[in-house]
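Working notes, beginning with the structure itself.
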Amino acid sequence: MSLSQRHLLGIEPLDVKDIQAILDTADSLREILDRPIKKVPALRGKTVVNLFYEPSTRTRSSFEMAERVLSADSLSIATASSSAAKGETLIDTVRNIEAMSPDMIVLRHASSGAPHFLARHCRAVIVNAGDGAHEHPTQALLDALTLRQKKGRVKGLKVAIVGDLLHSRVARSNIYCLQKLGAHVVLCGPPTLVPPGLDTLAPVTYDMNQAIEGADAIMMLRVQFERMTGGYFPSVREYHVRYGLTVERLRRAKRDVLILHPGPMNRGVEIASDVADGPYSVILDQVTNGVAVRMAVLFLLLGGAGES
Amino acid sequence: MSRLLLKGGRVVDPAHEVDDVLDLLIEDGKITQLEPRISAKGVEVVDLEGLVVAPGFIDLHTHLREPGREDKETIATGTKAAAIGGFTAVCAMPNTDPVNDQAGITRAILEKAKAAGMVRVYPIGAITRGSRGEELAEYGDLRDAGCVAISDDGRPVASARVMRRALEYAKTFGLTVIDHCEEPTLSEKACMNEGPVSTLLGLRGAPAAGEAIMVERDILLAELTGGKVHIAHISAALSVDAVRRGKARGIQVTAEACPHHFALTDEVVKETEYDTHTKMNPPLRAEPDRAAVVEGLRDGTIDCIATDHAPHTVDDKRVEYDQAAFGIVGLETAVALSIDKLLSPGVVDIAGLVRLLSSNPARILGLPGGTLAAGSPADVTVLDLGKKKAVDPNRFATKGRNTPFGGLSLKGWPVMTIVGGHVVFRDL
């Protein structure tokens, strides 16, 4: 199995076969995580650099775990400890890393398009671990894997994506991924957090009750206070009343609805604690699947299938 | 006495409704004769058969960067680029370092241009001191020193009160106020046009309405004050509509458009995968905006083509998209793009093209030139409408390499530029 793309810059350029290949590979690799010795030599001798320009706990540790399980040699660079703090440009940092001939660079960056910039200037394979408000492809893949696991399929599912759509790279990747896999996606948020033209991708409603009516899955997006320049909604209280996922509101969805959240959660803002910790929540399954999906991505892009 | 005879070219001078095969005699920096067959002895003869001979093109919107950012451009390199691009005169925007907000700076620019410039340089003074948008600059001194207009280009005048005072006060000196129209609170941190493409790319967008709000404001203030306003680099359909309505009401408003705004749309930001050479301000807009700019150029709502030539260093552009400097170079591509994208498809005829690049810019700011009538300054642009060439940024005379048009093959190029009777560029 191999992918049609050399890099993983986003879900948008992937075709359905690519997505299915990644999910199938993740399914078969996940079993390694349950073994007593969680290590296979698939990527022995391959080097991966995790270059994180934004704080990240989940995504970074997930990539690191995946790299270790597959025996890749990896190294993580975070901005606070890197030359970026001394004012080095991205191109110079990357040229220095390139001089060490890594096989892959996993990049998390606050600027949309930063992975595309790297792809133009590097020989290494680039994996986008989240770029600005553009895409976060491995998050969408792990969400799809979780849905497929729990529901047996993605095709035909009604999935509501609710919250801060404006700033969300998770939303954009998920819209592409779910639609390519045949799900019906409905988007919902206050108009101030719905960017123009988003309705060209999927139907948009400002009414949360309508969005989650009969939903098979609800994907709650984090309100990204750190990216806001103010004035998107009057108060956290009103946001929670109109767009927060509460037990009461959840009754409108299907009885076996799944609740997903990319994390980190703002409890009491977009999601009530009893929902986040409740029986429909698959938020921790998402984390486990995150490692499996990233193993699959590394494996497929680094030619672990036995390329010379 | 230096004498030059241009023979057999198709002379297009819309200011005098001339479009004929004529000879043109230049003596001592002036055009002295324009006749079907001129025979003169002891002159240098240039055969221009099959080529178009037009009054020298004038760019109302150039960033020469000197003084202050000579790493990006100098008056020498910028005016050389202008000559190669077919321009005989450029108007230099005041956002240099220091800002051209005092007569001393204007004079320094003019002295440098006299010494090192290959084409005419007309400085534009600042609207406000330091272009900070607060106190007016000294327009009288600026004009007397040689400024031909005032503008706070790049740092739009946010306050309606300040813009009102500028339009009023500028009337004393007959100066036109050139405004970069942008409502700053609608474009905070924006790096492209707001719309479906910015949404897909996850980039912050500036809505077209943010430009149009200021165009509407400026037109209303021009009406209120009786001042003259010129809308720089118009990019949005809403703005073109505002100018059209303003002109219909008899308000003194004129407008310019840049080649990138009639040649490209915001889709190229996506197609090129965040190439920072697609980043400028105002940004590339959506297709209906591009089409409206073309229509405005066709029906005369937009008076002229200007380059907004904005050279930057490689380092300014070789960064993340949202970190990159705004702007592209334009002097060496504007004329070819205008021929290829407007003349060839029949949007304008040759007289219309010459109006947009020469006679109208001259008229808007009352500059010499814009015609080839006997007695005019011998500023001439010669075009080869059949010449095909690809844009090669590595061969630019400007220091800037920041163009989205690299590699693009265009038909119709300037092949000779004459300023005051001197041939400053020749590629025959």
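Read-outs: derived from the displayed coordinates by stated rules, not from any lab. It should be emphasised that the depicted structure is a prediction, and the values quoted were computed from it without experimental measurement. When we count neighbours, we look across all protein chains shown, and the Cβ atoms used for this are built from the backbone with ideal geometry, even at glycine.
Quick look at the values:
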| item | result |
| --- | --- |
| Integer Hz, Karplus 6.51/-1.76/1.60 couplings in order for the stretch B:236-244, x for Gly and Pro | 10, 4, 4, 6, 4, 4, 4, 5, 4 |
| For A:ILE105, A:ILE37, B:ILE124, order by how many other beta-carbon atoms lie within 10 Å, fewest first | A:ILE37, A:ILE105, B:ILE124 |
| Listed residues A:HIS261, A:SER168, B:PRO196: farthest to the positive end of the dipole of the protein assembly as shown (Cβ charges) | A:HIS261 |
| Between the stretch B:386-400 and the stretch A:213-266, the Cα center-to-center distance that results, in Å | 53 |
| Amide H partners (placed H, <5 Å) of B:ALA255, local residues excluded | B:ILE231, B:ASP303, B:CYS304 |
| Hits among lysines - C-alpha to C-alpha of A:LYS155 under 17 Å, sequence gap 8 or more where chains match | A:LYS17, A:LYS180, A:LYS254 |
| Backbone HN-Hα couplings from phi across the stretch B:5-15 [Karplus 6.51/-1.76/1.60, Hz, Gly and Pro as x] | 10, 9, 10, x, x, 8, 7, 10, 9, x, 4 |
| Loop trypsin sites (Lys or Arg not before Pro), the stretch B:233-319, which have at most 12 other Cβ atoms in a 10 Å radius of their Cβ (DSSP) | B:ARG249 |
| Contact order normalised by residue count of the stretch B:281-406, Cα under 8 Å, 6+ apart, percent | 29 |
| Electrostatic dipole magnitude of chain A [Cβ: Lys, Arg +1; Asp, Glu -1; Cα centre; debye, to 20] | 360 |
| Relative contact order [Cα under 8 Å, 6+ residues apart], chain A, whole percent | 21 |
| Longest site-free stretch - chain B; sites: GluC sites (Glu not before Pro), DSSP loop, at most 10 other Cβ within 10 Å | B:189-428 |
| Amide proton proximity set for B:GLN33, modelled H, under 5 Å, gap of 5+ | B:LEU25 |
| Where trypsin sites (Lys or Arg not before Pro) fall in DSSP loop in the stretch B:177-228, at most 11 other Cβ within 10 Å | B:LYS189 |
| Under 18 Å from B:LYS389, Cα to Cα: lysines that are on another chain or at least 8 residues apart | B:LYS341, B:LYS411 |
| For a label point 7 Å along the Cα-to-beta-carbon line of A:ILE77, residues of the stretch A:20-55 with backbone N under 18 Å | A:47-55 |
| Mean-position separation - Cα centroids, the stretch A:89-111 and the stretch B:107-179, in angstrom | 45 |
| Dipole magnitude (debye, nearest 20) for the stretch A:92-149, charges at Cβ of Lys, Arg, Asp, Glu | 60 |
| Cα gyration tensor shape for the stretch B:56-365, rounded if a/c is under 1.5, else prolate or oblate | rounded |
